[in-house]
Amino acid sequence: MKKVIMGNHAVSYGVRLARAEVIAAYPITPQTQIVEELSEMCSDGRLKAKFVKVESEHSAMACCIGAASAGARAFTATSSQGLALMHELLHWASAARLPIVMTNVNRALGPGWNIWTEQTDSLAQRDTGWVQLYCEDNQEVLDSTLMAFRVAEAVRLPVMIVYDAFFLSHTYEPVDIPSQEDADALLPPRKLEKGTFMDIEDPRTFSNMTPPDYFMEMRFKLERAMRRAKDEFGRAAGEWKKLTGRDYAAIETYRCGDAETVLVAASTAVSTARVVVDSLRGKGRKVGLLKMRMFRPFPYREVVDVLRRTRKVAVLDRNISFGSGGIFATEIKAALSNVPGHPPVYGYIAGLGGRDITPGTIEEIFDRTDRNGVPDDPITWIGLKP
Amino acid sequence: MASEKPLCLKGEKDLPELVVSLGSMLWHRTGSWRYLRPEYREKPAPCGHACPAGNDVEKFLRLASEGDFDGAWRTILAASPLPGVCGRVCFHPCEKACNRGRYDRPMAIQAIERFLADQASVRGLAIEAPPIGSSPDRVAIIGSGPAGLSCAYHLRLAGIKPVVFEAEGALGGVLRHGIPAYRLPKDVLDREIAMLAAIGIEFQTGRRVGKDVPWEAMGEYPAVFAAAGAHRGRRLGIAGEDGGGVLGGLEFLRQVALGLRPDIGKRVCVIGGGNTAIDAARTALRLGAQVTMVYRRSKAEMPAHPEEVEEAEREGVEIRFLLAPAGVAREGDGIVVEFQRMALGDPGADGRRTIVPAGGRNVFIRFDSILVAAGEDADFSFLPPAVRAEKGQVVVDEWGRTSEPRVFAGGDMAMSSRTVAHAIGSGRRAAMAIARALAAGGPAEPATEAAETAEAPPGGVEPVPFEAVNTAYFEHAERCRMPVLSMAERLKGFAEINLGISADAARAELKRCFHCGRCTACDNCLIFCPDMSVRRRPDGKYEIDYDFCKGCGVCGQECPRGVVEMKLDKERRQ
């Protein structure tokens with residue numbers, strides 16, 4: 001059944017279909033409607049979950065950690081400062097190997113206060129051990145939410161669904177709401193193995209002291225689980241395609257086959273870039289597009305397989321790591337660095353704090369990349385007012 | 001402090017996927033961090049654990065390192081009355097087991113034992129034995145070798161009057177008649193036997209039971225310990241073996257020990273690869289002979305102790321391998337021995353490789369005499385048939401009990417590990433069993449008390465492994481060297497080769513000991529514990545406050561000697 005809904009409500013529908021059991025969240029613009037709708041669903045019985053009101057995002061994540069430790073399917077949503085406040089517990093959730101799912105609506109961090117989109121908030125959490133999936137449209141937001149629970153529970157790692165403030169969160173699009181039957185087929189009830197959750201019949205302590213003799217091994221297991229997450233996402237996407245016909249992968253390519261310049265982008269900028277690629281192809285320019293859906297685990301092999309064949313790589317970052325550059329660009333450079341004769345990587349920063357990334361913005365990126373030699377500076381600012 | 005000391009879970013595969021206790025922690029009243037628990041417990045050191053005589057090696061090294069040489073000597077005496085002997089001839093399994101051997105080189109335990117015994121002798125120390133009653137129990141001991149002496153000594157310490165029957169004219173058995181003087185000077189043996197005589201052990205020499213004394217005479221004793229050794233040389237079973245010029249290796253050693261000089265000529269062949277063969281070869285060298293040892297298998301299969309083999313070769317014994325004697329013929333003044341060439345086959349039941357004929361022509365070598373050292377058998381014809389024997393040995397349990405209630409046996413005639421230390425251990429265990437049997441007035445049933453004996457180490461736990469030692473706390477240090485007689489001096493006669501270490505060398509060597517498993521109250525656990533959960537006990541040692549211990553493992557890591565060890569807390573569930 002198709003419905004015209006905002007991105008935030010697409011999450012709410014996804015969480016309902018996932019039969020989440022505990023929802024703990026604190027409202028923050030632009031995430032508010034997610035939990036608003038979920039609280040309605042809990043109150044009118046459409047979702048049989050415990051909705052826990054909390055006094056901060058830190059408490060929200062702590063609550064999810066408790067619920068997930070006890071074996072529940074737990075969900076929360078936040079944005080920007082809220083995510084930053086959770087930071088300590090993000091590490092906890094992953095190292096405790098809890099399959100929590102969280103939506104983060106990308107929003108710039110203050111000051112100055114800004115409620116508009118920027119990826120720096122979620123990318124700043126890249127080392128916390130969370131799987132991160134970036135979405136381009138409302139349908140993907142809903143589908144990713146379901147797949148997120150599936151991946152999280154299969155590998156015992158938390159998963160973060162990420163998308164742009166306002167460009168998706170508050171934008172209404174037609175979204176196919178999957179049947180509960182299809183959702184259940186993708187996502188069976190959480191499997192609880194003995195000794196992995198808090199069970200009053202089998203009392204144990206969790207997160208105990210782990211001395212130097214064992215700590216590395218536990219981190220090794222976490223890293224191994226992170227790598228399995230990519231395969232598990234592939235399996236879930238394969239099943240979801242059979243059920244719904246919609247296709248998802250860790251990365252997607254658009255007209256990359258013979259492309260000499262490939263642009264790497266994530267989130268809603270990908271839609272805009274697709275239009276620009278078509279337009280430039282119409283003019284005979286050999287350009288292509290690589291969409292990064294999965295950021296953690298980083299799909300090195302897939303990214304390298306695409307980019308090693310091209311002549312130049314441009315990366316569009318709606319984020320910045322101060323003193324370094326765009327975060328996607330940094331990772332793409334790292335991925336290519338050991339590939340002999342790899343193409344140069346051009347790093348572009350645009351659209352910070354919610355500024356529009358227009359077709360003109362992306363065309364300028366392609367033009368500069370094609371025209372210029374490899375820039376000395378890892379950052380080329382696009383649309384900066386002089 | 002850099003260390004490779006592992007905790008109790010070995011690797012990634014032993015660990016759970018997530019950080020969770022392996023069992024219930026309901027018993028734990030405070031906190032929930034811990035799933036590893038430090039365990040403070042003294043444990044046996046591997047040296048003493050490996051000693052067949054039951055010596056508490058770590059303890060005597062500890063007392064000696066504190067300067068208490070007399071206490072150290074008395075600690076050895078608690079297990080063995082023959083430290084001067086063992087300090088010279090024991091094959092020191094303690095040193096093989098010593099954890100220090102995996103760090104640099106093992107402690108020179110034997111040299112220290114010898115030093116302690118020799119200094120006790122110089123200082124005129126005597127064995128302290130409890131007074132004996134007016135009509136004590138009397139126990140007959142047949143044989144005055146290490147097993148018989150040990151049994152007599154331990155019985156005497158238990159207030160029993162031992163009467164030792166010795167077939168030869170002098171005491172000591174194999175120590176006197178088998179082991180050459182260059183390894184064990186007779187005065188050292190005399191000195192330790194004299195100490196035993198001084199505490200009231202009765203010795204009767206020249207009294208062979210079954211000949212000079214009928215077995216029936218043993219009937220007046222409530223218990224008999226038979227330890228007559230294994231003296232009958234095995235025959236080769238080849239043609240010409242019985243003629244002149246062929247002598248048993250042990251018989252040869254006995255004659256030399258008695259001061260006889262058997263005529264062996266210039267070119268001597270020693271057949272065999274065991275310790276008797278080596279002793280015979282080195283003794284023959286000292287009588288001026290040119291000695292060739294011939295062994296059926298290769299060097300790796302030789303039962304002789306490798307150090308002895310090496311010394312023999314250094315002194316000039318030629319060893320030829322893979323030749324099996326096939327016949328002896330006499331030609332003129334000499335003897336021609338025919339040898340069949342052999343090759344190594346598959347490993348046999350004992351793990352050593354067997355031999356098979358290699359083909360090719362036999363080898364003929366001319367000698368003046370042959371010393372046959374192909375093993376020795378025990379002669380227990382003096383024992384009544386009711387004492388069961390199998391495979392050339394009297395059948396005994398670990399307490400030396402035979403199939404006859406009154407009769408106990410030990411030493412070479414009752415065990416397959418024929419070493420002095422094993423013999424001493426067998427005599428000691430039999431003495432314990434006999435003492436208990438006499439006290440109970442019935443057959444000995446000592447097994448239930450096994451925990452307190454030499455055979456069960458203190459605490460009844462496994463000895464400390466090398467991995468439990470934090471070697472970061474120990475500096476590398478050179479092992480003391482045993483001063484030896486020069487090669488030229490050695491071959492002039494039977495002077496002792498090893499000269500013993502000085503007090504200074506002993507003190508330096510004693511500093512090398514790890515004192516595995518023994519708390520030295522070093523305070524490391526107390527100092528390093530980040531949660532003040534290690535407490536000092538009134539006796540200066542420690543206990544752990546499990547209500548506050550987080551199980552971080554620092555105390556276990558920093559214990560230099562394996563007293564504090566980390567264990568899985570789930571073990572406490574029971």
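We did not get these values from a lab; they are worked out from the coordinates using the rules stated. None of these values were measured; they are calculated from a predicted model. Cβ placement follows ideal geometry from the backbone for every residue including glycine, while neighbour counts extend to all protein chains displayed.
As an exercise, use a Förster radius of 41 Å and the Cβ-Cβ distance of B:Glu390 and B:Lys299 to find the FRET efficiency, rounded to the nearest 0.05.
Calculated value: 0.85.
How about segment B:151-221: which trypsin sites (Lys or Arg not before Pro) there lie in a loop by DSSP and see at most 13 other Cβ atoms within 10 Å?
Values: sites: B:Arg156, B:Arg176, B:Arg183, B:Lys186, B:Arg191, B:Arg207, B:Arg208, B:Lys211; in loops: B:Arg183, B:Arg207, B:Arg208, B:Lys211.
Counting only loop positions with at most 13 other Cβ atoms within 10 Å, the trypsin sites (Lys or Arg not before Pro) in segment B:151-221 are B:Lys211.
For B:Glu166, B:Glu338, which order do you get if you count the other beta carbons within 10 Å of each Cβ and list the fewest first? Don't skip to the end; give the middle numbers.
Values: B:Glu166 24, B:Glu338 18.
Arranged by neighbour count, lowest to highest, B:Glu166, B:Glu338 become B:Glu338, B:Glu166.
B:Glu17 to A:Glu55: FRET efficiency via 1/(1 + (r/R0)^6), r the Cβ-Cβ distance, R0 45 Å, to the nearest 0.05?
0.85
Which angle from 0 to 90°, rounded to the nearest 10, does the C-alpha axis of helix A:7-17 make with the longest principal axis of chain A?
Computed tilt is about 40 degrees.
Once phi is turned into θ = phi - 60°, what whole-Hz ³J(HN,Hα) does the Karplus curve with 6.51, -1.76 and 1.60 give for every residue of segment B:242-256, x standing for Gly and Pro?
Here the 3J(HN,Hα) series is 8, x, x, x, 10, 9, x, x, 5, 5, 4, 4, 5, 5, 5 Hz.
Tell me, what is a quarter of the convex hull surface for the C-alpha atoms of chain B, in nm² with one decimal?
31.7
Mind checking which lysines have their C-alpha under 25 Å from B:Lys550, skipping anything on the same chain fewer than 8 residues away?
A:Lys194, A:Lys221, B:Lys5, B:Lys10, B:Lys13, B:Lys43, B:Lys541, B:Lys567, B:Lys570
Mind ranking B:340-351, A:117-128 by how tightly packed they are, going by the mean number of other C-beta atoms within 10 angstrom, highest first?
A:117-128, B:340-351
Tabulate in residue order the Karplus-calculated ³J(HN,Hα) for segment A:252-258, using 6.51 cos²θ - 1.76 cosθ + 1.60 with θ = phi - 60°, rounded to whole Hz; enter x for Gly and Pro.
10, 10, 9, 6, 8, x, 10
Restricting to chain B, what percent of DSSP beta bridges are antiparallel, rounded to 5?
The answer is about 50 percent antiparallel.
Which percentage, to the nearest 5, of the DSSP beta bridges contained in the protein assembly as shown is antiparallel?
Bridges in the protein assembly as shown are about 40 percent antiparallel.
What distance in nm separates the two pseudo spin-label positions at B:Ala440 and B:Met532, each 7 Å out from Cα along the beta-carbon direction?
Here the answer is 5.3 nm between the modelled labels.
Springs between alpha-carbon pairs under 10 angstrom, Gaussian network model over chain A: which of A:Gly326, A:Gly351, A:Gly360 fluctuates most?
The residue with the greatest mean-square fluctuation here is A:Gly360.
Pairs of alpha-carbon atoms within less than 8 angstrom and 6+ residues apart define the contacts here; what relative contact order does chain B have, in percent? Please list the in-between numbers first.
Working: 1195 pairs, mean separation 132.4, N = 574.
Relative contact order for chain B comes out at 23 percent.
Please identify the GluC sites (Glu not before Pro) of segment A:160-223 that satisfy two criteria: DSSP loop assignment and at most 14 other Cβ atoms within 10 Å. Which are they?
Counting only loop positions with at most 14 other Cβ atoms within 10 Å, the GluC sites (Glu not before Pro) in segment A:160-223 are A:Glu193, A:Glu201.
Mean separation of Cα pairs under 8 Å and 6+ residues apart, divided by the residue count of segment B:351-409: what relative contact order is that in percent?
Averaging sequence separation for qualifying contacts and normalising by length gives 19 percent for segment B:351-409.
If you take the square roots of the eigenvalues of the alpha-carbon gyration tensor of segment A:232-330 and sort them as a ≥ b ≥ c, do you get rounded (a/c under 1.5), prolate (a/b over b/c) or oblate?
Judged from the Cα gyration tensor, segment A:232-330 comes out oblate (a/c at least 1.5, b/c at or above a/b).
Return, for the Cα atoms of segment B:320-385, the radius of gyration and Dmax in Å, separated by a comma.
Rg then Dmax for segment B:320-385, in Å: 16.5, 49.
If a paramagnetic tag sat 7 Å from the Cα of B:Lys541 along the Cα-Cβ line, which residues of segment B:57-97 would have the backbone N under 14 Å from that point?
Those under the cut-off are B:59.
Of A:Lys241, A:Lys50, A:Lys194, which has the largest mean-square fluctuation in a 10 Å C-alpha GNM of chain A?
Looking only at A:Lys241, A:Lys50, A:Lys194, the largest GNM fluctuation is found for A:Lys194.
Helix A:269-282 versus the longest principal axis of chain A: what is the Cα-based angle in degrees, 0 to 90, to the nearest 10?
The answer is roughly 30 degrees.
Please compute the length gained on full extension between B:Asp523 and B:Glu241, using 0.36 nm multiplied by the number of residues separating them and subtracting their Cα-Cα distance.
Between B:Asp523 and B:Glu241, full extension yields an extra 94.7 nm.
Which of the trypsin sites (Lys or Arg not before Pro) across segment B:500-574 are loop residues per DSSP, with 16 or fewer other Cβ within 10 Å?
Loop-located and lightly packed - B:Lys511, B:Lys541.
Given all pairs of different Cα atoms, what value in angstroms does the Kirkwood hydrodynamic radius of segment B:1-160 take?
Roughly 19.6 Å, rounded to one decimal.
Treat the count of other C-beta atoms within 10 Å as a stand-in for reagent exposure and order A:His87, A:His9 from fewest to most.
Final ranking by Cβ density, sparse to dense: A:His87, A:His9.
Check the straight Cα-Cα distances from A:Lys312 and name the lysines below 19 Å, setting aside those fewer than 8 residues away within the same chain.
A:Lys283, A:Lys286, A:Lys291, A:Lys333
Rounded, prolate or oblate: which one fits chain A, using the alpha carbon gyration tensor with axes a ≥ b ≥ c (rounded when a/c is under 1.5, else prolate when a/b beats b/c, else oblate)?
Note, shape of chain A comes out prolate.
Check which residues have an amide H placed less than 5 Å from B:Phe339's amide H, if you skip close sequence neighbours.
B:Ala326, B:Val363, B:Phe364, B:Ile365
Peptide B:553-559: average number of partner chain Cβ atoms within 10 Å per residue?
Per residue, the number of nearby Cβ atoms from other chains is 2 on average.
Where a ≥ b ≥ c are the square roots of the eigenvalues of the C-alpha gyration tensor, would you call segment A:97-230 rounded, which needs a/c under 1.5, or, failing that, prolate if a/b is larger than b/c, or oblate? Walk me through the numbers before you get to the answer.
Values: a/c = 2.53, a/b = 1.39, b/c = 1.82.
Taking the square roots of the gyration eigenvalues as a ≥ b ≥ c, segment A:97-230 is oblate.
Taking 0.36 nm per intervening residue step and subtracting the Cα-Cα distance, what contour gain separates A:His170 from A:His342 on full extension? Provide the component values of the computation, followed by the final result.
Details: separation 172, 0.36 × 172 = 61.92 nm, distance 3.99 nm.
Extra length available between A:His170 and A:His342 comes to 57.9 nm.
Evaluated at 10 °C with a viscosity of 1.306 mPa s, what Stokes-Einstein diffusion coefficient in µm²/s does the protein assembly as shown have when Rh comes from the Kirkwood expression over alpha-carbon pairs?
So the translational diffusion coefficient is about 45 µm²/s.
Using amide H atoms built in the peptide plane, which far-off residues or other-chain residues are under 5 Å from B:Ile142 H to H?
Residues meeting the criterion, in which the H sits 1.01 Å from N, are B:Phe165, B:Phe225, B:Ala226, B:Ala227.
Please list the non-local residues whose amide H lies under 5 Å from the amide H of A:Trp116, H modeled 1.01 Å from N, same-chain partners needing a gap of 5 or more.
HN-HN under 5 Å from A:Trp116: A:Ala108.
Calculated from DSSP H runs of 4 or more alone, at -39500 (n - 2.57) each and per residue, what is the 222 nm mean residue ellipticity of chain B, nearest 500?
Details: 17 runs with 152 residues, N = 574.
So the calculated ellipticity at 222 nm is -7500 deg cm²/dmol.
Could you grab the relative contact order for segment A:2-244? Cα pairs under 8 Å, six or more apart, rounded to a whole percent.
Relative contact order comes out at 24 percent.
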